[in-house]
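Student: Below you will find the structure I want to go over with you.
The values are calculated or read from the model by the stated rules, or taken from the named source; none is laboratory data. Keep in mind that this is a model prediction, so the values were computed, not measured. Neighbour counts are summed over all protein chains in view; Cβ atoms, including those assigned to glycine, are modelled from backbone coordinates with ideal geometry. Heavy atoms of the whole protein, side chains included, go into the accessibility calculation; ligands, DNA and RNA do not. Shrake-Rupley method; radii C 1.70, N 1.55, O 1.52, S 1.80 Å.
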Amino acid sequence: MMPKPILALCDSDKEYIQQLAQYLRRQSDLWEVRTYFGVSELRKDAEEAAFAAVSETVYGEGELTFPPGKTVILSESGLLRWEDMI
């Protein structure tokens, strides 16, 4: 059996990101969903992840270098930022 691709979820709000992970796990068995609560945690496993969903706040810290085609920014402000990520 092939391992599932890793979906990395990263947000400093632990409750929010854990609830999002639980929801995604219930909806689909396509991913191995992992949660991270900051850039330093995510950076440890970044090369293993197939895709990352990162909160605007965490991404805005500027310390994360994850490929644009493999990253989505979870908007908190309602503003479109990081147009190069689209």
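Student: Quick one: in the range 1-27, which of the residues that are more than 14 Å from PHE66 (Cβ to Cβ) and small (Gly, Ala, Ser) is surrounded by the most Cβ atoms within 10 Å (Cβ to Cβ)?
Tutor: Of everything passing the filter in the range 1-27, ALA21 is surrounded by the most Cβ atoms within 10 Å (Cβ to Cβ).
Student: Could you check the range 1-22 and list, in sequence order, the residues that are assigned to a helix (DSSP H, G or I) and closer than 21 Å to TYR59 by Cβ?
Tutor: LYS14, GLU15, TYR16, ILE17, GLN18, GLN19, LEU20, ALA21
Student: Let me ask something else about it. Looking at the range 28-44, I want the residues that are under 17 Å from LYS70 (Cβ atoms) and have a partner that is part of a strand (DSSP E or B) and open to solvent by 60 Å² or more (accessible area, probe 1.4 Å) with Cβ atoms under 8 Å, at least 6 apart or on another chain. Which pairs are those?
Tutor: Matching pairs, first to second residue: TRP31/PHE51.
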